[in-house]
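Just below is one structure, and these are the notes that go with it.
The values are calculated or read from the model by the stated rules, or taken from the named source; none is laboratory data. All values derive from a computational prediction rather than experimental measurement. Note that we place each Cβ from the backbone using ideal geometry, even for glycine, and neighbour counts take in every protein chain shown.
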Amino acid sequence: ADVKKIAVIAGDGIGPEVIAEAEKVLKKTEEVFGYGFETEHGLFGGIAIDEKGTPLPQETLDLCKKADAVLLGAVGGPKWDNNSKELRPETGLLGIRKALGLFSNIRPAVIFDCLKDASTLKPEVLEGTDLIVVRELTGGIYFGEKLRREGAHGEEAVDTCVYNVQEVERIVRQAFEIARTRRKKLASVDKANVLETSRLWRETVNRIAPDYPDVELEHVLVDNCAMQLLRRPSSFDVIVTENMFGDILSDEAAMLTGSIGMLSSASLGEGAFGLYEPVHGSAPDIAGQGVANPIATILSVALMFRLTFGYHDAAEAIERAVKEVLDAGHRTGDIAVDKSKAIGTTAMGDLIVNAIRK
Ligand code: NAD
Ligand code: IPM
Ligand code: MN
């Protein structure tokens, strides 16, 4: 049989807690659908700094490179927050994305009807919200030259934002293609009234837009987009934007779904290989308590099945199981209206696993 290799890197904080539930889901899909998965674990993030002296050990990177897909938890925590750049968990995260060529980060924000009361927004505003943020992931200010220097008024810091045409074109084309399979609307988000990189971005979008005449394109300035996401979320279909804007807007979009604990993501390059991780971080404030919402990570497994393996039946089964459990009223603390009735991470994972069927 065709056994898929999955590199599992749980990371720090709630990372291992939510990954454990996703691994149960993998096991259950093997049983129900007969697919074969071989998982191998790697050290990554703060725990890798502690044990190997670097956030992204070579052996972990090698493990990912020989896998068909990577499942990642989250990294970071107060313990490493004052470390130098090379010894920060987040540097490992940027390093793995770059090393694996994962320039495209897909972050769907879909509202489950029964969770409308979990959002801080009014239910009627959320009605029909189903959008995808396509975030450029290996360029921009995250990867430009950084320095510290002595300036005329003391110490200065510099972060450089760089984009070339090829980097913009490949992510924008991917976003147009995704829009084509959906409601055929693309919002390109930039700050072209101020930034040179944004002007290059917008010129590039306009140059390739004629190749996608069936997709309705709008340019939205990022500050306005942040506002429109709260004002008219259901009018967005696909949003494409540069690295840092996408980071910020996707956390904002998470609240449309009720919680950052609901938002899954796929990071892709040119081929089928992908890295799958929840949008949220290591949540040090709740780590170790067994209360984290595992749904973002479980839905990331569904994305893996769909986008890397083409296992559409299993992907749908997972999404159906999540919906069924939520419809039945089960909630982790982050999405519970009545917090006294909230269930924990493993209880939520078990309910979803039990609801997976053909
Ligand atoms: P965070 O996403 O970890 O947490 C923000 C808030 O959301 C917290 O109150 C947290 O308790 C809550 N939350 C997050 N995930 C949740 C879940 N699954 N269930 C319930 N509640 C959840 O963001 P932060 O606090 O800004 O960052 C904490 C650390 O995580 C930092 O070190 C940061 O660099 C790192 N981080 C890592 C990733 C990643 O690994 N991809 C992403 C974001 C942040
Ligand atoms: C994310 C995170 C990371 C990012 C950090 C931890 C480097 O916020 O995956 O969204 O900014 O990309
Ligand atoms: Mn983020």
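For the subset of the stretch 261-284 comprising residues that are more than 10 Å from ligand 2 (Cβ to nearest atom) and closer than 24 Å to residue 231 by Cα, which member is nearest to the chain's Cα centre (by Cα)?
264
Looking at the stretch 285-299, which of the residues that are small (Gly, Ala, Ser) and closer than 19 Å to residue 47 by Cβ is farthest from ligand 2 (Cβ to nearest atom)?
290
Residue 131: closer than 30 Å to residue 332 by Cβ and not in a strand (DSSP E or B), yes or no?
Taking the combined requirement at face value, the residue does not satisfy it.
Got a number for residues in the stretch 68-118 being over 22 Å from residue 168 (Cβ atoms), of a type in the set (S, T, N, Q) and crowded, with 18+ Cβ neighbours inside 10 Å?
Residues in the stretch 68-118 being over 22 Å from residue 168 (Cβ atoms), of a type in the set (S, T, N, Q) and crowded, with 18+ Cβ neighbours inside 10 Å: 1 in total.
Return yes when residue 299 is buried (at least 24 other Cβ atoms within 10 Å of the Cβ) and within 16 Å of ligand 3 (Cβ to nearest atom) and no when it is not.
So residue 299 fails the test.
Yes/no matrix, rows are residues, columns are (1) more than 16 Å from ligand 1 (Cβ to nearest atom); (2) of a type in the set (A, V, I, L, M); (3) not assigned by TED's automatic domain parsing to the domain that holds residue 157:
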residue: 3; (1), (2), (3): yes, yes, yes
residue: 7; (1), (2), (3): no, yes, yes
residue: 46; (1), (2), (3): no, no, yes
residue: 53; (1), (2), (3): yes, no, yes
residue: 57; (1), (2), (3): yes, no, yes
residue: 71; (1), (2), (3): no, yes, yes
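Looking at this structure, is residue 37 surrounded by 15 or more Cβ atoms within 10 Å (Cβ to Cβ), free of Cβ contacts under 8 Å to residues at least 60 places away in the same chain and under 28 Å from residue 312 (Cα atoms)? Steps first, answer last, please.
Values: surrounded by 15 or more Cβ atoms within 10 Å (Cβ to Cβ): yes; free of Cβ contacts under 8 Å to residues at least 60 places away in the same chain: yes; under 28 Å from residue 312 (Cα atoms): yes.
For residue 37, the condition - surrounded by 15 or more Cβ atoms within 10 Å (Cβ to Cβ), free of Cβ contacts under 8 Å to residues at least 60 places away in the same chain and under 28 Å from residue 312 (Cα atoms) - is met.
Using the structure shown, decide if residue 286 is surrounded by fewer than 20 Cβ atoms within 10 Å (Cβ to Cβ), β-branched (Val, Ile, Thr) and either modelled with pLDDT of 95 or more or under 21 Å from residue 105 (Cα atoms) (or both).
For residue 286, the condition - surrounded by fewer than 20 Cβ atoms within 10 Å (Cβ to Cβ), β-branched (Val, Ile, Thr) and either modelled with pLDDT of 95 or more or under 21 Å from residue 105 (Cα atoms) (or both) - is met.
For the stretch 243-275, how many residues are part of a loop (DSSP other than H, G, I, E, B), within 15 Å of ligand 3 (Cβ to nearest atom) and surrounded by fewer than 21 Cβ atoms within 10 Å (Cβ to Cβ)?
Number of matching residues: 1.
Yes/no matrix, rows are residues, columns are (1) out of contact with any strand residue (DSSP E or B) (no Cβ under 9 Å at 6 or more places or on another chain); (2) under 23 Å from residue 224 (Cα atoms); (3) loosely packed, with under 15 Cβ neighbours inside 10 Å:
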| residue | (1), (2), (3) |
| --- | --- |
| 168 | no, yes, no |
| 179 | no, yes, no |
| 185 | no, yes, no |
| 189 | no, yes, no |
| 192 | no, yes, no |
| 196 | yes, yes, yes |
| 199 | no, yes, yes |
| 205 | no, yes, no |
| 211 | yes, no, yes |
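Going by the conditions given, is residue 304 in contact with a strand residue (DSSP E or B) (Cβ under 8 Å, 6 or more places away or on another chain), farther than 27 Å from residue 102 by Cβ and at pLDDT 95 or above?
Criteria not met by residue 304.
Just name the residue that is nearest to ligand 3 (Cβ to nearest atom) out of those in the stretch 77-93 that are more than 15 Å from residue 54 (Cβ to Cβ) and of a type outside the set (D, E, K, R). I'd like the intermediate steps shown before the answer.
Applying the first criterion (more than 15 Å from residue 54 (Cβ to Cβ)) to the stretch 77-93 yields 77-79, 81-82.
With the extra rule that they be of a type outside the set (D, E, K, R), the set shrinks to 77-78, 82.
Working: 77: 15, 78: 17, 82: 20 Å.
Looking at residues that are more than 15 Å from residue 54 (Cβ to Cβ) and of a type outside the set (D, E, K, R), I get 77.
Checking the structure you have, find out if any residue of the stretch 69-86 is on the phi > 0 side of the Ramachandran plot and out of contact with any Pro (no Cβ under 9 Å at 6 or more places or on another chain).
no
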